[in-house]
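Single-structure report; data block below.
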Amino acid sequence: MYSLAQGIKWAGGKIFSAAIYLSSIACYLLILAYLKPPFPAFRWQFDYVVIPFFMAIAHHAAKKRDVPVRAALFFAVTLIPCGLVLSEIWRLGLSSGSLLAGSMPYSDANAYLDGVMSFLSGDGLTVWTSRRPVATIWISLNMYLAGENLRSAMALMAALNSIAAVLAVLCVRRYMGGPSAWLAHVLLFFYYRAFLGAVLSEQCGFFFGCLAYPLLWKAISDRGRTSVSFLSGLLLLTFGLIARAGTFFVLPLLVIWHSLKQGRRILALKAFCASVCVVMLVFGYNRVLLKTFGFPEAAFGNFAPTLYGLLNGGTWVQAYSDHPELLELSDTDSNERIYAMSLERLRDQPTSLVWGALRAYRSFFISPLGAYSFVVSPLALSLEFHDFAVAQKEGLSKVVREFLNSGPVRIYYAASAFAWFLLSSSLALLGVIRLAAAKSAYKWFLISAGIGIILSVPFLPPWDAPLMRVYAASMPFIIALPCVALRGARDGGYPPERDGRGFGLELCAAALCAIMLAFPILIKINRGGMTADTRNAGGAGSEIVKIILGADIQPGDDGILEKFFSGLEFTADALKNDLLMEFMNASDGFAVGVAYFPEVKSISYVFWDAASAMPVGEWTETERDSGGYEGRILRKLTPSRR
């Protein structure tokens, strides 16, 4: 009778958790499809009260539940807020450093989408996306699964990142208890929501970093043998760090920690060799991608201007300010020149690296751009000066004045954001103290990861990384410190020695790696296998245009078309262009979208005739003039059907 009752309870829990999952996904899809923001002044992007409150309710409700139900509840309060933010971005046509008018990729996101469409078309990686081929493959996989519909792909990536974040939160609850899990949940959401809807490598880095986190924690209890959990977690973390180049020093520190933990010398050597092989395997995969699809010389190319800025007291743009002629060179040639100038600077002034590192540490630990700035950065970036780096230059008083002059809603956002920033920073300091005094098995695991992050800071200066972008893969480790401060001996937390020995996550890691390996091969075999609509933009012998679905602004979107125009940079000629006036005056009959031009292997903003859905104009780049300025002009396309 007892076993029957237990079986009924187990089945009931499974059914209940399945119902939560299905209802959460249904709500998510309905929100994305139909919900319009009910309160124009309220922004889910900047909410610091409502979402944490509902997360707290979910964590309290999950306190005495089994793990499947607990996971389902956490998934619901992660996915639905992601849907609310995405819907708000799309419906209101919100712009950011990566989006124009909600749907149009801009700046880095535009370059990533360019590379994704080139890869899916069978044209390989672009020079720009060869910097981070793993991220491009991951985004391409999501685009492929979503039928090359950009909005659907972004929705899919948000769902996958929600799952990864929930796994990290469950790990924190398992080892540190309920309050720490709630704090981790809130902070991970605060970090990720800044990248919702954007075609950026941070999406990939965050996903792999969160998946790696529980596997690495699970390895703490593996003594006297090389841990399959550790190797699986190290594999995923390496994928994340290559996808979004970041705190690479974490990898050797974790390898050393795991090796020393084995005790006997022969076991330590075996664990060390196995770990190094795993890391090199992922780097080898990255190299093969570049040799097969891209440009090997472009790998990690964006580090060159960062190093120059570090050595010369500026940011990554310092090299281009000091040497405008670099703008006339290709990316690879420009990077070679910048590296040469950086090495010359090091030879002439060796202390410049020391002073640059100290400047980076000061910015990381005691500035508005510090470790937990991701809590307030999205709000600060929405101010008139648009660039949070100005906050460091102008001072915190500038931020305060801007908020006080922008009405009660902004003041509410500012007060709640600043409170969370103070809370997370204070708890992180307390977490350092508690970790130093702790005798738990996880102590040296977190210390090793923390040292790796600190050693990486000079090469990832915060002034070059608003929103803590370069720390995407290591974000679960960064939020671990405030979680340690709230760790309790009870409330669901228990020692790692009681960790289960199932291999579900390890099998998922293996399957994910197999997919990452097989997908490029599939594209290589199936060249040109796109499902996106294809149009001929100008009759016989003219350019073929591949429409990118889900990246458009329709005439019925009130005011969004104007937001698109206001976000673009115009040349003097473009402002006088009669064609531009024609489109703006006839905006009711035109939509703006993004299209891929296979002949030039590039994407571009394109105007569409709303009635015929045919491309009629391309918003294209001008040639750089002698001053190095780059703007945009209109080029008319004559519509005709194939």
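The values are calculated or read from the model by the stated rules, or taken from the named source; none is laboratory data. Fair warning: this is a prediction, and the values are worked out from it, not measured in the lab. Cβ coordinates were reconstructed from backbone atoms using ideal geometry, including for glycine residues, and neighbour counts include every protein chain displayed. What goes into the accessible areas is simple: the full protein's heavy atoms, side chains included, and nothing from ligands, DNA or RNA. Shrake-Rupley method; radii C 1.70, N 1.55, O 1.52, S 1.80 Å.
Rolling a 1.4 Å probe over the protein heavy atoms of the range 170-318, with every protein chain left in place, gives an accessible area that is 70 percent carbon and sulfur.
Charge tally around LEU435: other residues with Cβ under 14 Å, Lys/Arg +1 each, Asp/Glu -1 each, net +4. Averaging Cα coordinates gives a centre for the range 314-345 and one for the range 192-255; these two points are 32 Å apart. Would you grab the residues whose amide H sits under 5 Å from the one on ILE603? Only those 5+ places off in sequence or on another chain, please, with H modelled 1.01 Å from N. Distant-sequence amide H within range of ILE603: PHE597.
The length gained on full extension between GLU297 and LYS443, counted as 0.36 nm times the residue separation minus their Cα-Cα distance, comes to 48.6 nm. Report note on the peptides 249-262, 123-136: ranked by the mean count of other C-beta atoms within 10 Å, highest first, their order is 123-136, 249-262. If you plug the beta carbon distance of TYR34 and LEU346 into 1/(1 + (r/R0)^6) with R0 = 60 Å, you get a FRET efficiency near 0.55. Extension gain, ALA436 to LYS270, is 56.8 nm, computed as 0.36 nm per intervening residue step minus the present C-alpha separation. Net charge dipole, the range 15-162: roughly 520 debye, given to the nearest 20, about the Cα centre with Cβ charges of +1 for Lys and Arg and -1 for Asp and Glu. When THR238, THR351, THR332 are compared by accessible area of protein heavy atoms, the largest-first order is THR351, THR332, THR238, using a 1.4 Å probe.
Please give me the summed charge of the neighbours of TYR339: other residues whose Cβ is under 12 Å from its Cβ, Lys and Arg +1, Asp and Glu -1. Intermediate results must be reported in sequence, preceding the final value.
Numbers: positive: ARG337, ARG345; negative: GLU297, ASP333, GLU336, GLU344.
The answer is -2.
Checking a compactness column here: for the range 69-119, what do you get for Rg(Cα) / (2.2 N^0.38 Å), N being the number of residues?
1.50
Put GLU325, GLU297 in order of accessible area, highest first, and with a 1.4 Å probe you get GLU297, GLU325.
Normalising by residue count, the range 263-302 has a Cα convex hull of 72 Å³ per residue. Put a dot 7 Å past the Cα of LEU423, heading toward its Cβ, do the same for ARG91, and the two dots end up 2.6 nm apart.
Put +1 on the Cβ of each Lys and Arg and -1 on the Cβ of each Asp and Glu in the range 128-260; which of THR129, ILE256, ALA168 then has its Cα farthest toward the positive end of the dipole? Of the listed residues, the answer is ILE256. Summing Cβ point charges (Lys, Arg +1; Asp, Glu -1) relative to the Cα centre of the range 127-214 gives a dipole of roughly 140 debye. For a Förster distance of 60 Å, can you work out the FRET efficiency between the beta-carbons of LEU327 and ALA415, rounded to the nearest 0.05? Working from the Cβ atoms, E equals 0.90.
Considering only Cα atoms, the convex hull volume of the range 208-308 works out to 101 Å³ per residue. For the residue pairs LYS36/LYS546; LYS546/LYS601; LYS291/LYS546; LYS218/LYS443; LYS524/LYS601, alpha carbon separations beyond 20 Å are given by LYS36/LYS546; LYS291/LYS546.
Computed from the C-beta positions of PHE283 and SER107 and an R0 of 30 Å, the FRET efficiency is 0.60 to the nearest 0.05.
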